[in-house]
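J.: Just passing along the structure, written as structure tokens.
The values are calculated or read from the model by the stated rules, or taken from the named source; none is laboratory data. All figures in this text were calculated on a predicted structure; none of them were measured in a lab. Using ideal geometry, Cβ is built from the backbone for each residue, glycine included, and neighbour counts are taken over all protein chains shown.
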Amino acid sequence: MARVLSIATDLMLASRVDATLTAAGHHVVMAGSLEDAPLDEVELIVADLDAENPEALAGLGAPVLGYYSHVDVETRKVAEAAGVDLVVPRSRMARELPALVDQLLA
């Protein structure tokens, strides 16, 4: 399976992403910020758009799944305009994470 980078500052959500993707057979690398991330070693990035600037995530060489609070429409717009590959509300990410990852890796 894929090597996935998870960027999040919310430890509860980060551990949920880790557990879900590990159970789906992926190897998850955790980082608190883009600066701490081993970008050359991953095939996909799952990022909390509250923790990272969406414009910094686009064009990193790996597809990016960005998630945001459903009430933060501006973050969604900025991420989509910046070229983040898939931008979804946090609730959808939590509910459909393995399928969303598979979609981006296909």
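J.: Does Leu44 fit the bill of being modelled with pLDDT of 95 or more and under 24 Å from Gly25 (Cβ atoms)? Quick ask: steps written out before the conclusion?
T.: Values: modelled with pLDDT of 95 or more: yes; under 24 Å from Gly25 (Cβ atoms): yes.
Yes: the conditions hold for Leu44.
Conditions tested, residue by residue: (1) touching a residue at least 24 places away in the same chain (Cβ under 8 Å); (2) of a type in the set (A, V, I, L, M).
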position: Asp40; (1), (2): no, no
position: Ile45; (1), (2): yes, yes
position: Asp50; (1), (2): yes, no
position: Ala56; (1), (2): no, yes
position: Gly59; (1), (2): yes, no
position: Ala62; (1), (2): yes, yes
position: Val71; (1), (2): no, yes
position: Lys77; (1), (2): no, no
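J.: For Ala23, indicate whether it is modelled with pLDDT of 95 or more, exposed (fewer than 13 other Cβ atoms within 10 Å of the Cβ) and over 18 Å from Arg90 (Cβ atoms). Reasoning before the result, please.
T.: Working: modelled with pLDDT of 95 or more: yes; exposed (fewer than 13 other Cβ atoms within 10 Å of the Cβ): yes; over 18 Å from Arg90 (Cβ atoms): yes.
For Ala23, the condition - modelled with pLDDT of 95 or more, exposed (fewer than 13 other Cβ atoms within 10 Å of the Cβ) and over 18 Å from Arg90 (Cβ atoms) - is met.
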